[in-house]
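Readers should treat all values here as calculations from the given coordinates under stated rules, not as data from a laboratory. Not measured: the values here are computed from a predicted model. For neighbour counting, all protein chains shown are included, and Cβ atoms are generated from backbone atoms with ideal geometry for every residue, glycine included.
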Amino acid sequence: MSVTPKSSRVSILVKALPQPSKKHGETVCCAGVNAEGAWKRLFPIRFRHLKGNSSFKRWDWVEFKYTRPPSDRRTESCRVHEESIRIVGQLKKSERSNFLSSLVLPSVEAASEAGHSLALIRPKQPSFRIRKKSADQISRERDAYKQAAAQTSMFDAELAAIEPTPYEFRFKFTDTDSSHDYANGDWEAHAMFWRGRSAGKSDQETLAWIKHTFAVDYPKKGMLFAVGNQAKRPHVWQLLGVLRVDDNQQSSLPI
């Protein structure tokens with residue numbers, strides 16, 4: 001297998017909630033699509049260690065170098081050279097719907113049958129739900145984040161451990177083949193919760209804002225789900241990103 005690094009340029013679509021990793025510390029599942037419409041999964045991304053022109057957001061065009069990961073057979077997966085990450089632009093809001101339209105698949109099953117490990121789905125009848133976590137669950141997550149934050153090399157800046165969100169956000173939805181009930185793994189919803197608290201809002205006010213965003217605003221204007229499967233359990237799919245993208249088919253229907 002060649003270890004010569006390859007180059008890629010993608011628009012970032014997925015920035016999932018940071019996850020503790022025994023091998024890499026704290027990592028974030030990131031993924032994007034290149035100009036030819038091919039998915040790339042960026043891993044391992046220690047996102048909170050990225051600075052300046054490498055600390056990207058959703059919709060940023062990002063260049064990076066990568067090699068094929070030895071233990072991940074998924075064709076979209078890239079072992080990213082973290083130091084090579086560079087932001088080179090942003091996908092304009094007016095271009096997003098057309099850019100992504102050809103990537104939207106009818107169902108998770110269709111993605112699996114096509115051999116994909118990442119896909120965009122336009123959910124039908126999405127139902128957003130909020131569940132309060134138990135004290136034990138929060139404690140376990142807090143301990144895992146502390147251990148992950150402590151796993152740094154002599155060249156890394158020390159990070160404060162992430163405080164887990166005390167609520168779980170979930171979506172029930174259907175596609176053309178079946179119904180699903182997925183935890184919302186998108187970092188955005190959890191970041192919204194902490195922004196609300198930082199602004200002095202009560203939990204009730206913050207949760208109402210989050211629920212309106214994902215249960216009313218996004219479905220009304222147009223919403224896509226970025227889903228992906230697990231490397232060791234390819235039959236298990238997860239909701240990695242919730243994208244606010246205009247539904248061209250919906251807007252073209254006669255009134």
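Numerical summary
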{"read-out": "Cα gyration tensor shape of the range 71-190, rounded if a/c is under 1.5, else prolate or oblate by comparing a/b with b/c", "value": "oblate"}
{"read-out": "Student exercise, the chain dipole from Lys, Arg, Asp, Glu Cβ charges, in Debye to nearest 20", "value": "240"}
{"read-out": "Residue with peak Gaussian network fluctuation, the chain [Cα springs, cutoff 10 Å], from 161, 16, 135", "value": "135"}
{"read-out": "Distance (nanometres) between label positions extended 7 Å along Cα→Cβ at residue 71 and residue 138", "value": "3.3"}
{"read-out": "Separation in nanometres of the label points that stand 7 Å from Cα toward Cβ, at residue 19 and residue 95", "value": "3.1"}
{"read-out": "Euclidean distance of C-alpha centroids, the range 208-251 and the range 134-149, integer Å", "value": "26"}
{"read-out": "Over the chain, relative contact order from alpha-carbon pairs under 8 Å, at least 6 apart, %", "value": "19"}
{"read-out": "Read-out Rg/Rh (Cα atoms, Kirkwood Rh), derived from the coordinates shown; its label in (1) 0.95; (2) 0.99; (3) 1.27", "value": "(1)"}
{"read-out": "222 nm mean residue ellipticity, helices alone, for the chain (DSSP H n ≥ 4; -39,500 (n - 2.57); rounded to 500)", "value": "-6500 deg cm²/dmol"}
{"read-out": "Dipole of the chain, positive direction: furthest Cα of 28, 54, 187, with charges on the beta-carbon", "value": "54"}
{"read-out": "Gaussian network model of the chain, springs between alpha carbon atoms under 10 Å - residue of 130, 85, 45 with greatest fluctuation", "value": "130"}
{"read-out": "Value of D in µm² per second that Stokes-Einstein yields for the range 162-240, Kirkwood Rh from Cα pairs, at 10 °C (1.306 mPa s)", "value": "113"}
{"read-out": "Pairs from 146/220; 6/92; 146/232; 6/221; 65/232 whose Cα-Cα separation, in the structure shown, is over 28 Å", "value": "146/220; 6/221"}
{"read-out": "Charge-dipole axis of the chain as Lys and Arg at +1 and Asp and Glu at -1 on Cβ define it, positive-most pick from 116, 200, 43", "value": "200"}
